[in-house]
Amino acid sequence: MDRHFDTSYYHQIATSLVLPDRPYINGRFVEGCDVVYENVNPATGRTFSTISFCSARHVDQAVDAARAVFDSGVWSRSRPEHRKDVLLTLARLIRENATELAVMESLDSGKPIKDCLHEIGTEVPNFFQWYAELIDKTFGKVAPTGDDVTAFVVQEAIGVVGAIVPWNFPLLMTAWKVAPALAAGCSVILKPAELTSLTALRLAELASLAGVPDGVFNVLPGYGHDIGQAMGRHQGIDAMTFTGSGVVGAQILGYAAQSNLKPVGLELGGKSPFIVLEDAPLTDDLIANAVNAAFWNAGQNCTANMRQIVHASRKEEFLHKVEAKVAALKTGDPLDPETEIGPLVSWKQRDRVQGFIDKGMEEGARLVTGNRNLDRQGFYLDPVVFDNVKADMVIAREEIFGPVLGVIGVQDDDEALQLARDTEYGLHATVFTRDIDRALHFARQLPCGVVGINGFTEGDVKTPFGGYRRSGSLSRDKGVEAMQQYVQTKTVWIRSLRGVD
Ligand code: NAP
Ligand code: MG
């Protein structure tokens with residue numbers, strides 16, 4: 001067996017990792033406050049590291065450093081080719097350190113190493129590379145005028161950006177925010193989720209090595225209600241970008257309203273449908289997509305397609321095949337490269353999801369498989385498939401953020417569409433059909449930011465990602481569109497003095 005596919009290889013790396021343990025401000029690790037956070041490995045339930053958390057004074061320090069370097073222009077007004085070179089170097093350093101970063105991420109969050117290696121070895125560096133390459137290919141505009149005047153429109157970096165990210169894709173969400181913000185020339189202050197600070201702290205160190213000037217990228221581990229709030233209310237932060245729950249998203253809008261009216265980009269939750277029309281062949285590929293759509297990252301995914309809306313004539317066969325596929329999923333040690341489902345991120349999250357499963361049974365959904373006692377250490381849950389889910393059940397309406405798949409039978413396309421639309425969210429949807437006209441009809445009628453036809457996908461770095469309705473604001477992560485969160489336009493009118501005495 002290739003040693004890179006051996007569980008003991010990753011465990012060996014785990015024991016030799018040097019884990020960051022304090023805030024990163026102005027190009028160096030600094031002393032934190034008295035709050036020492038005990039970082040628990042979700043796979044064992046035991047503390048494996050401690051992190052010295054920030055207090056409000058660190059937010060002030062980081063804002064001062066970020067502002068000073070922004071105003072100096074060494075990054076914000078540097079030649080585009082320079083920022084491009086530095087971010088390409090950072091992409092290379094991430095690739096070179098991907099295995100260590102992936103193990104760190106897996107220990108910190110419980111995510112399977114297979115997923116961490118893909119996210120950190122491929123996706124995260126691609127984000128830095130893609131936005132690096134965009135820097136010297138993006139131009140302003142010249143407006144049509146008469147000869148007596150010239151008017152041009154440029155896009156300028158917005159200034160100091162505060163970014164707050166969740167724990168479900170710690171370094172990937174960081175890259176979604178930080179790569180375009182740095183490419184734009186902004187200074188960034190990032191608060192990772194309290195449960196998962198490690199890889200962001202290591203990224204800050206790699207950014208300095210790559211040549212990102214001191215103060216341009218700062219990472220503040222700490223509590224959301226404390227330093228997250230301090231960032232949201234800070235007069236020295238020019239824009240906020242946030243991924244997480246709707247409740248906290250609304251609070252951040254409030255902080256902005258009560259401070260300096262900074263713009264706020266929001267990527268929030270979802271309750272996304274996976275729709276199987278009656279003409280869709282129930283191939284292995286469709287079933288693999290259905291299972292992945294609900295159970296990827298143990299269902300701790302904002303695009304999780306948990307509501308699976310299936311034509312009644314296909315429901316029995318669909319359930320039978322899904323049940324077999326779920327039975328074959330490997331739940332276990334996240335550092336085993338064959339593991340597909342790891343533990344949930346915390347006891348709190350596990351209990352919350354168990355509460356939804358209990359509620360589903362109480363409301364009359366039929367348990368097809370799962371919910372056994374796994375008798376493991378750590379925060380594991382046996383993946384659950386429910387049949388006979390009804391549109392008004394709590395499990396069909398609220399975001400579960402755990403390994404639960406619910407099937408709802410429908411009689412025709414109209415009923416499928418009506419059910420799919422019946423949610424306050426609007427992040428994502430998947431539709432399986434052989435008929436392109438039906439597919440397009442659904443794609444146009446579904447009120448959400450991303451639709452996958454005949455495949456569960458969020459797309460890649462090139463395409464914008466974000467939600468309709470309560471799933472987010474008008475801001476988008478990914479694609480050229482992400483840059484809009486980090487720039488503002490300036491118009492310059494130059495009147496010709498030719499002929500003026
Ligand atoms: P969360 O509670 O909203 O936390 C997200 C981040 O906000 C964390 O860093 C958290 O810090 C911080 N925070 C908490 N309270 C705060 C406050 N009062 N002021 C400022 N910041 C605060 O969400 P979560 O539990 O981490 O993640 C799950 C949720 O995120 C789900 O609803 C999911 O759908 C959503 N999500 C959405 C996307 C997307 O792209 N749309 C992606 C991933 C997740 P602490 O860690 O200290 O609490
Ligand atoms: Mg952790």
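Rule-based calculations on the coordinates, nothing more; no lab input. Please read these numbers as outputs of a predicted model, since none were measured by experiment. A quick note on method: Cβ atoms are made from the backbone with ideal geometry, for glycine too, and the neighbour counts reach across all protein chains shown.
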With a 10 Å Cβ neighbour count serving as the proxy for reagent exposure, in which order, fewest first, do Thr7, Thr463, Thr47 appear?
-> Thr47, Thr463, Thr7
Non-local residues with an amide H under 5 Å from the amide H of Tyr37, with H modelled 1.01 Å from N and Pro and chain starts lacking one, are Ile51, Ser52, Phe53
Which listed residue (Gln308, Phe432, Asn371) has the Cα farthest towards the positive end of the charge dipole for the range 273-453, taking +1 on Lys and Arg C-beta and -1 on Asp and Glu C-beta about the Cα centre?
-> Asn371
Charge sum, other residues only, whose C-beta stays under 15 Å from Val153's C-beta, Lys/Arg counted +1 and Asp/Glu -1 | +1
Whose amide H sits under 5 Å from the amide H of Gly162, counting only residues 5 or more places off or on another chain, with H placed in the peptide plane?
-> Ile189, Asp238, Ala239, Met240, Thr241
In percent, what relative contact order does the chain have, based on Cα pairs under 8 Å that are 6 or more apart in sequence?
-> 18
Peptide ranges 231-240, 155-164, 344-353 listed from the most packed, as the mean C-beta count within 10 angstrom indicates | 155-164, 231-240, 344-353
Nearest 20 debye, what's the magnitude of the dipole of the range 273-453 about its Cα centre given +1 on Lys and Arg Cβ and -1 on Asp and Glu Cβ?
-> 340
Which percentage, to the nearest 5, of the DSSP beta bridges contained in the range 273-453 is antiparallel?
-> 15
Using a simple charge model, +1 on the beta-carbon of Lys and Arg, -1 on the beta-carbon of Asp and Glu, nothing else, what dipole does the chain show about its Cα centre, in debye to the nearest 20?
-> 960
Euclidean distance of C-alpha centroids, the range 276-297 and the range 135-197, integer Å | 36
With the convex hull built on the alpha-carbon atoms of the chain, volume per residue in Å³ sits at 163
FRET efficiency, Ser259 to Ser16 (Cβ-Cβ, R0 60 Å, nearest 0.05) | 0.85
Quick one: net charge of Ala304's neighbours, Cβ under 13 Å, K/R +1, D/E -1?
-> -1
Exposure proxy ranking, count of Cβ atoms within 10 Å, fewest first, for Leu198, Leu190, Leu88 | Leu88, Leu198, Leu190
Interchain or sequence-distant (5+) residues whose placed amide H lies within less than 5 Å of the amide H of Thr430 are Phe274, Ile275, Gly452
Per the Kirkwood definition applied to all pairs of different Cα atoms, how many angstroms is the hydrodynamic radius of the range 77-143?
-> 13.2
Span-rule helices in the chain, defined as complete DSSP H runs reaching 15 Å or more along the axis (Cα) with Kyte mean at least 0.0 = 98-109, 124-135, 170-184, 198-210, 246-258, 284-295
Bounding extents of the range 3-268 in its principal axis frame from Cα atoms, largest first in Å, are 73, 42, 31
From the residues Gly146, Val345, Val487, which one has its Cα farthest along the dipole of the chain in the positive direction, the dipole being from +1 and -1 charges on Cβ of Lys/Arg and Asp/Glu about the Cα centre?
-> Gly146
Whole number please: convex hull volume per residue, Cα atoms of the range 96-206, in Å³.
-> 110
Using the Cβ atoms and a cut-off under 10 Å, what net charge is assigned to the surroundings of Gly222, where Lys and Arg are +1 and Asp and Glu are -1?
-> -1
